[in-house]
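Undergrad: First, the structure itself, so that you have it in front of you.
The values are calculated or read from the model by the stated rules, or taken from the named source; none is laboratory data. Since the model is a prediction, treat every value here as computed from it, not as a measurement. With ideal geometry, Cβ positions are generated from the backbone for all residues, glycine too; neighbour counts draw on all protein chains shown. These accessible areas exclude ligands, DNA and RNA; they are computed on the full protein's heavy atoms, side chains included. Shrake-Rupley method; radii C 1.70, N 1.55, O 1.52, S 1.80 Å.
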Amino acid sequence: MIKVTIISILSVILAMLLIAHLETENSTQTILVIPQETIVSTKAPGDTFSLEFYTIDYPYLEAAMIETVLLKSPEIQPFKLVDFKKEAISFALIDAKKIQLTLQVPHQLEGGYERYQNAPLILRLVDGTTMEIPIGPLSFVYEKSTTDHLTYRQIHNLPGRFAHGITAKGMIIELENLKEDAVLIESLDIFAATITVDHDHIVAYDHAIEGLLRADEIFNDEALMNQQLQLPIELKGHEKITLLMPFSYQDETMLLHRYPIHIQTSKGVLYIPTFPYINTTLYLEENIPLKQEGMIDDSH
């Protein structure tokens, strides 16, 4: 009798532990993402770009399950899913799946750019589940140069840190006027939603560029930073100039790893397409405080 009672008690305990385990599993079905500024250069129909996020205890997501991918914005069409990659990783000592989606730009830009600053990515699955992923600001830029006066010889990104992570804090770019007549450099832009070129602190950089230049070393050089140039900057025939350009951040928790460069001149536009100037993963331990959680609605 006592033996039966003990078995019954153990059975109840085991059942309660199993229920608790299942509830814990359900409660940890999570999407994690480190938002960043994503800027996509586009020049032709069919251009693609990639977005990345992590899922925890949601191992079943596959390409065939995804019915629709779009931004939570009424102005944009759904994306076409071109490629889906998944790999097992350890994120902050937690087993997770890294998901990379390659998406097609939804429509051809006729010029200029489009910005979506607070529009999370929405995945709608064939079983009715909806995933909402806070990817950060997303911009599409039409890639087209309209000048043959100006060209660039070299670009050096200036990596630095705020409280977390490695981000782009500015750049050094060497420009050359290819023609006999003068050209005016009127403005410079990287098309990010929350990060801009600090036009008030552009300087001519006359030093040798050797090794890896870091933002904190250069921008703390008061003698250098006190030599600001005023826009427009004139380049005489066949003249070269190297510009040091700091970036200004509205939000120091944002990360910028790749960006285009748009230079407006008196002779047209020089456009330098998006390039990954910082090629490290966003998912570093020091970036964990920047993480945001997505939402999974599978209440059906």
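Undergrad: Is the shape of the stretch 254-300 best called rounded, prolate or oblate, per the rule: a/c under 1.5 gives rounded, else a/b larger than b/c gives prolate, else oblate, with a ≥ b ≥ c the square roots of the Cα gyration tensor eigenvalues? Numbers along the way, then the final one.
TA: Details: a/c = 4.05, a/b = 2.08, b/c = 1.95.
In terms of gyration-tensor shape, prolate.
Undergrad: At a Förster radius of 30 Å, what calculated FRET efficiency corresponds to the Cβ-Cβ distance of SER248 and GLU293, to the nearest 0.05?
TA: E(calc), rounded to 0.05, equals 0.55.
Undergrad: Please identify, among ASN220, ASN118, ASN287, the residue showing maximal mean-square fluctuation in a Gaussian network model of the chain using a 10 angstrom Cα cutoff.
TA: ASN220
Undergrad: For LEU70 and GLU174 in the same chain, what is the full-extension length gain: residue separation times 0.36 nm, less their Cα-Cα distance, in nm?
TA: Details: separation 104, 0.36 × 104 = 37.44 nm, distance 3.85 nm.
Additional length available on full extension: 33.6 nm.
Undergrad: Right, here's the next one. Keeping the other protein chains in place, figure out the carbon and sulfur percent of the accessible area of the chain, with a 1.4 Å probe.
TA: Details: 7970 of 15720 Å².
Roughly 51 percent, rounded to a whole number.
Undergrad: Given the Cα atoms of the stretch 38-181, and with Rh set as the inverse mean 1/r over their pairs in the Kirkwood sense, what is Rg to Rh to two decimals? Please report the intermediate quantities before stating the final value.
TA: On the way: Rg = 19.0 Å, Rh = 18.1 Å.
That ratio is 1.05, to two decimals.
Undergrad: Okay, moving on. Per residue, how large is the accessible surface of the stretch 41-157? Use a 1.4 angstrom probe and give square angstrom. Mind showing how you got there, number by number?
TA: Working: 5860 Å² over 117 residues.
Dividing the accessible area of the stretch 41-157 by its residue count gives 50 Å².
Undergrad: To the nearest 20 debye, what is the magnitude of the charge dipole of the stretch 28-88 about its Cα centre, counting +1 on the Cβ of each Lys and Arg and -1 on the Cβ of each Asp and Glu? Could the numbers behind the result be given before it?
TA: Numbers: 5 positive and 9 negative charges, 25 e Å.
So the dipole magnitude of the stretch 28-88 works out to roughly 120 debye.
Undergrad: Using C-alpha positions alone, give me the convex hull volume of the chain per residue in cubic angstrom. Each step should come with its number before you reach the end.
TA: Values: hull volume 47.6 nm³, N = 300.
Taking the convex hull of the Cα positions in the chain, it is 159 Å³ per residue.
Undergrad: Next up: Hey, got a sec? Which chymotrypsin sites (Phe, Trp or Tyr not before Pro) in the stretch 113-165 land in a DSSP loop and have at most 15 other Cβ atoms within 10 Å?
TA: Numbers: sites: TYR113, TYR116, PHE140, TYR142, TYR152, PHE162; in loops: PHE162.
The qualifying sites are PHE162.
Undergrad: Quickly estimate the mean residue ellipticity at 222 nm for the chain, helices only: each DSSP H run with n ≥ 4 gives -39500 (n - 2.57), and the total goes over all residues, rounded to 500.
TA: Values: 3 runs with 35 residues, N = 300.
Here the helix-only value at 222 nm equals -3500 deg cm²/dmol.
Undergrad: Can you tell me, using C-alpha contacts under 8 Å and at least 6 residues apart, the relative contact order of the stretch 61-163 as a whole percent?
TA: Dividing the mean separation by the residue count of the stretch 61-163 yields 25 percent.
Undergrad: Once you put a point 7 Å from the Cα of LYS85 and another 7 Å from the Cα of SER187, both along the Cβ direction, what distance in nm separates them?
TA: 3.6 nm
Undergrad: Of THR42, THR102, THR167, which is the most mobile in a GNM of the chain whose springs link Cα atoms less than 10 angstrom apart?
TA: THR102
Undergrad: If you don't mind, there's one more thing I want to ask. Tell me which residues come under 5 Å, amide H to amide H, from THR147 once H is placed; ignore anything under 5 positions away on its chain.
TA: VAL269
Undergrad: May I ask you to give the solvent-accessible area per residue for the stretch 244-300, in square angstrom, as obtained with a 1.4 angstrom probe? Working shown, then result.
TA: Values: 2800 Å² over 57 residues.
Per-residue accessible area for the stretch 244-300 comes out at 49 Å².
Undergrad: Could you list the residues of the stretch 243-263 with an amide nitrogen less than 14 Å from a label point located 7 Å from the Cα of THR196 in the Cα-to-C-beta direction?
TA: 246-251
Undergrad: So, one more: Could you work out the mean projected area of the convex hull around the alpha carbons of the stretch 98-141, in square nanometres to one decimal?
TA: Working: hull surface 16.4 nm².
Averaged projected area of the stretch 98-141's Cα convex hull equals 4.1 nm².
Undergrad: Count charges around ARG153 for me, please; just the other residues with Cβ under 11 Å from its Cβ, Lys/Arg as +1, Asp/Glu as -1. Don't skip to the end; give the middle numbers.
TA: On the way: positive: LYS240; negative: GLU174, GLU176.
Net of charged neighbours comes to -1.
Undergrad: While we're looking at this one, here's another question. What is the chain's relative contact order, in percent, from Cα pairs under 8 angstrom and six or more apart in sequence? Please list the in-between numbers first.
TA: On the way: 665 pairs, mean separation 67.8, N = 300.
Across the chain, relative contact order equals 23 percent.
Undergrad: With charges only on Cβ, +1 for K and R and -1 for D and E, what is the dipole size of the chain about its Cα centre, in debye, rounded to 20? Before the final figure, lay out each step's value.
TA: Details: 21 positive and 41 negative charges, 132 e Å.
The calculated dipole for the chain is roughly 640 debye.
Undergrad: Let me ask something else about it. Springs between alpha-carbon atoms under 10 Å, Gaussian network over the chain: tell me which of GLN117, GLN154, GLN36 tops the mean-square fluctuations.
TA: GLN154
Undergrad: Now, a different point. How large are Rg and Dmax for the stretch 170-292 when only the alpha carbon atoms are used, in Å?
TA: 16.0, 53
Undergrad: Using the basic label-point model (7 angstrom from Cα toward the beta carbon), what is the HIS207 to GLN77 distance in nanometres?
TA: Label at HIS207, label at GLN77, 4.9 nm between them.
Undergrad: Mind checking which of LEU125, TYR259, VAL105 is farthest towards the positive end of the chain's charge dipole, using Cβ charges of +1 (Lys, Arg) and -1 (Asp, Glu) about the Cα centre?
TA: It is LEU125.
Undergrad: Between helix 2-27 and the chain, what is the angle of the helix's C-alpha long axis to the longest principal axis, kept within 0 to 90° and rounded to the nearest 10?
TA: Taking the Cα atoms of the chain, the angle to 2-27 is about 20 degrees.
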